[in-house]
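Note sheet for the following structure.
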Amino acid sequence: MSDSDALMWRVETDPVLRSTITSVAIYDRAVPRDRVIDRIDRASRVVPRLRQRVLGAPLSPAPPRWVVDEHFDLKYHLRFVTAPGAGTLRDLLDVAEPIAMQSFDRSRPLWEFTIVEGLEGGRSGVIMKIHHSITDGVGGVKLMMSLLDLSEEEPDLGPMPEAPQPDAPSWPVRIIDSAEHERRRQAGIASRLLGHTTRLLTNPGEVGPQAVANVQSMGRMLAPAFEQLSPLMTGRSLSVRFDTFTVPVPELKAAAKRADAKLNDAFLAGVAGGLRRYHERHGEGVEALRMSMPINVRNESTAGLAGNQFAPARFPIPLNIGDPVAAMRVMRELVVAQRNEPSLGFLEGMAGVLNRLPRVLVTELFGRMLKGIDFVTSNVPGIPVPVWFAGARLEAMYPFGPMAGSAMNITLLSYVDDCEIGVNTDPAAVPDPEVLIECLVDSFDEIRKLA
């Protein structure tokens, strides 16, 4: 595991900080069980993480390792159930919620697929649950593409690939390997520190101010947030509520263009406007809320990788801007400032330091950083063309990101010409989710009128 992935794994000592990603997909027909089993079995043989579990080394300071699960059982990870009620979208979301609430079995690979049969109109649903330490939203889309086809006709995939073989050396070997891995890691840190010190001594006028800026940026990144800014959404629990709505991609892009902004800026302005309306409905005025947002740090050399490559930004966003065009421009400025934070280049190093602290101390630190966040947003570029799974066409896929101590997570995932928006709320913070969705839809409708 990388240090940043290991942090997400370790802080789950506090279950409120769990990092579970869930998606709910709807297909236009029933998916044949035999073809589904074949496709997911194949994927588990060619995507390493799907057959790997986490193995820690208690006597080593190195992060845990990914190892092939010698007891891998596809039947545990792939399940088939029948939709309750009339098989509506609401019924499907009701099935997904308790699945998302359950913690993973840490002795197994960290993913589950649930096929929901019998949705209205002969359709079917797929609930995918995966731990954030495996991948982020962008990597999750790449993972899904390993299961999907670009036409209704399933291609000839050839013979079933060989399953990866477990490599389980005895515990002394694991300790030695972990110690050697940690030695190389610390040598790399020392080498980078020596290089920085050399530049400082040879060119103090250039490096000195940058070092100060780096320290200030890291301070902003790690600053605790002791309480939420919202006077309303203060409760926290281990439960979730899933809701969805859809906004057309062309309309959101056209509206953003009116403000010389991007789709993500229109998305954030829509969320801010919805939260303002929600607070006003409850007689509460609020100037700003604290938001967490992942920043994609992929580059040309890492774009093909499917793991976590994001930096978590935390910053307050204003809710008191009534003009949607002005709101989009402000969101644009705030996001650009966060993307230019110098500390983004030091996140893995900071995670390495934090991972060497006692688990209780790290969990307390992250709890103070995360539980003061009011809400999380994420914008995940999805699949721009129609796709099929085992002969069934994908109609919609709704994303539900982890709240990780906040009151809600609102995630946008694009598919063809639709922005599918998943709203994951904590019922202790938002006891009336129907009102929240009304407020969000009203806000996005206001923005769409600019198109």
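The values are calculated or read from the model by the stated rules, or taken from the named source; none is laboratory data. The structure presented is a predicted model; accordingly, all values stated were derived computationally and were not measured. No Cβ is skipped: glycine too gets one built from the backbone with ideal geometry, and neighbour counts run over all protein chains shown.
For this structure, a couple of remarks:
- Members of the stretch 53-106 that are farther than 30 Å from Thr244 by Cβ, part of a loop (DSSP other than H, G, I, E, B) and not charged (D, E, K, R): Gly56, Ala57, Pro58, Leu59, Ser60, Pro61, Ala62, Pro63, Pro64, His71, Phe72
- Considering the stretch 80-127, and only residues there that are hydroxyl-bearing (Ser, Thr, Tyr) and without any contact (Cβ under 8 Å) to a residue 60 or more places away in the chain, the residue that is farthest from Val67 (Cα to Cα) turns out to be Thr88.
- Residue within the stretch 46-64 that is at pLDDT below 95, among the basic types (Lys, Arg) and over 29 Å from Gly422 (Cα atoms) present: no
- Evaluating Ala86 against the criteria (1) within 14 Å of Ser133 (Cβ to Cβ); (2) surrounded by fewer than 21 Cβ atoms within 10 Å (Cβ to Cβ); (3) of a type in the set (Gly, Ala, Ser) leaves one unmet condition, (1).
- Where a residue in the stretch 358-370 is assigned to a helix (DSSP H, G or I) and its partner, wherever it lies, is of a type in the set (Lys, Arg), with Cβ under 7 Å and at least six apart: Arg359/Arg10; Val362/Arg10
- If the condition is being more than 19 Å from Gly401 (Cα to Cα) and buried (at least 19 other Cβ atoms within 10 Å of the Cβ), then the stretch 280-293 contributes only Val286.
- Screening the stretch 244-355 for helices (runs of 4 or more DSSP H) wholly inside it with 3 or more residues that are at pLDDT 95 or above returns the ranges 249-258, 263-281, 324-339.
- Odd one out for Leu55, checked against (1) free of Cβ contacts under 8 Å to residues at least 12 places away in the same chain; (2) in contact with a strand residue (DSSP E or B) (Cβ under 6 Å, 6 or more places away or on another chain): (1)
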